[in-house]
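Peer 1: Before we start, here is the structure in question, set down as structure tokens.
The values are calculated or read from the model by the stated rules, or taken from the named source; none is laboratory data. Everything numeric here is computed off the predicted structure, so don't read it as measured data. Every residue, glycine among them, receives a Cβ derived from its backbone with ideal geometry; neighbour counts consider all protein chains shown.
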Amino acid sequence: MPVSPEDHKLGTKAPHFKLQATNGKYYELNDFNDKKILCVIFMCNHCPYVIAVQQRINNIAKDYNGRSFALVGINSNDPETYPEDSFEEMKIRAGKQEYVFPYLFDGTQEIAKAYDAVCTPDIYLYDENRILRYRGRIDDNWKDESAVTRKELRLAIDALLVGNEIDFEIVPSMGCSIKWRQ
């Protein structure tokens, strides 16, 4: 059964955030106003789905650098239940993987709730008015990059960068559930 735009929350405005990144800086939604496209990805350190695609995420950030595009990762998992998702571990991961995008910590989980994030990775792509235009998967094979035949997130970014609508069926992202505080 196809997922409707309402199920994806397409057409909704990006909720504001102000969170600390692994580089020590704080970033908020308005910091990216100079970019036409903003990609927000809820991710974490321990999820096998994220681990499988973390370099693809980093490569997207690298490949679109210099264009009117920004990407941020947000970790909202409970670090008490999942210590590998702590802020200190995030710093290690960001360094080891050489992330070129801000990796933000949502310690209160308020931002994940505001976005209605459900899994890692959960991908949100916003236009210049910060209206949600895409909420789907990165590509058609999270487990094996060599088997990818369709790079949906890149297709969506490319369409929005030139002012086009996303004209293909959006398939939801798969991943681990966000680990909510008890």
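Peer 1: Please give the number of the condition G175 fails out of (1) within 26 Å of D31 (Cα to Cα); (2) touching a Pro at 6+ places or on another chain (Cβ under 8 Å); (3) small (G, A, S).
Peer 2: Condition not satisfied by G175: (1).
Peer 1: Taking L104, is it assigned to a strand (DSSP E or B), over 11 Å from I74 (Cα atoms) and in contact with a Ser or Thr (Cβ under 9 Å, 6 or more places away or on another chain)?
Peer 2: Answer is no for this residue.
Peer 1: Can you confirm whether the stretch 49-65 contains a residue that is more than 21 Å from K113 (Cβ to Cβ), in contact with a strand residue (DSSP E or B) (Cβ under 8 Å, 6 or more places away or on another chain), among the small types (G, A, S) and without any contact (Cβ under 8 Å) to a residue 60 or more places away in the chain?
Peer 2: Taking every residue of the stretch 49-65 in turn, at least one turns out to be more than 21 Å from K113 (Cβ to Cβ), in contact with a strand residue (DSSP E or B) (Cβ under 8 Å, 6 or more places away or on another chain), among the small types (G, A, S) and without any contact (Cβ under 8 Å) to a residue 60 or more places away in the chain.
Peer 1: Specify which of the listed residues (A156, A114) is touching a strand residue (DSSP E or B) at 6+ places or on another chain (Cβ under 6 Å) and outside any strand (DSSP E or B).
Peer 2: After ruling out the rest, the residue left standing is A156.
Peer 1: Also, quick follow-up: Can C39 be described as in contact (Cβ under 8 Å) with a residue 40 or more places away in the chain and closer than 17 Å to I178 by Cβ?
Peer 2: No; evaluated as a whole, the condition is false for this residue.
Peer 1: Right, next: Among the residues of the stretch 136-157, is there at least one that is closer than 25 Å to Q109 by Cα, touching a helix residue (DSSP H, G or I) at 6+ places or on another chain (Cβ under 7 Å) and of a type in the set (K, R)?
Peer 2: Yes: the stretch 136-157 contains one or more residues that are closer than 25 Å to Q109 by Cα, touching a helix residue (DSSP H, G or I) at 6+ places or on another chain (Cβ under 7 Å) and of a type in the set (K, R).
Peer 1: Does Y124 satisfy being within 19 Å of K18 (Cα to Cα), crowded, with 18+ Cβ neighbours inside 10 Å and either under 16 Å from the mean Cα position of the chain (by Cα) or at pLDDT 95 or above (or both)?
Peer 2: Here the answer is yes, as Y124 does meet what is asked.
Peer 1: Looking only at the stretch 60-101, how many residues end up being within 16 Å of the chain's Cα centre (by Cα), among the small types (G, A, S), part of a helix (DSSP H, G or I) and farther than 19 Å from D34 by Cβ?
Peer 2: Matching residues across the stretch 60-101 total 1.
Peer 1: Mind counting the residues in the stretch 14-36 that are surrounded by fewer than 15 Cβ atoms within 10 Å (Cβ to Cβ) and in contact with a Ser or Thr (Cβ under 9 Å, 6 or more places away or on another chain)?
Peer 2: Let us first name the residues in the stretch 14-36 that are surrounded by fewer than 15 Cβ atoms within 10 Å (Cβ to Cβ), namely 16, 18, 23-26, 28, 30, 33-34.
Those still in the list that are in contact with a Ser or Thr (Cβ under 9 Å, 6 or more places away or on another chain) too: 34.
Of the residues in the stretch 14-36, 1 are surrounded by fewer than 15 Cβ atoms within 10 Å (Cβ to Cβ) and in contact with a Ser or Thr (Cβ under 9 Å, 6 or more places away or on another chain).
Peer 1: Within the stretch 136-159, track down each residue that is farther than 17 Å from Y64 by Cβ, free of Cβ contacts under 8 Å to residues at least 60 places away in the same chain and surrounded by 14 or more Cβ atoms within 10 Å (Cβ to Cβ).
Peer 2: Scanning the stretch 136-159 gives R137, N141, V148.
Peer 1: Only one residue in G95, G24, G107, G66 is over 22 Å from S173 (Cβ atoms) and at pLDDT below 95. Which one?
Peer 2: G66
Peer 1: A follow-up question, please. Being more than 29 Å from A147 (Cα to Cα) and in contact with a Phe, Trp or Tyr (Cβ under 8 Å, 6 or more places away or on another chain) is the requirement here; does P79 meet it? Spell out the reasoning first.
Peer 2: Working: more than 29 Å from A147 (Cα to Cα): yes; in contact with a Phe, Trp or Tyr (Cβ under 8 Å, 6 or more places away or on another chain): yes.
Judged against the criteria, P79 is a match.
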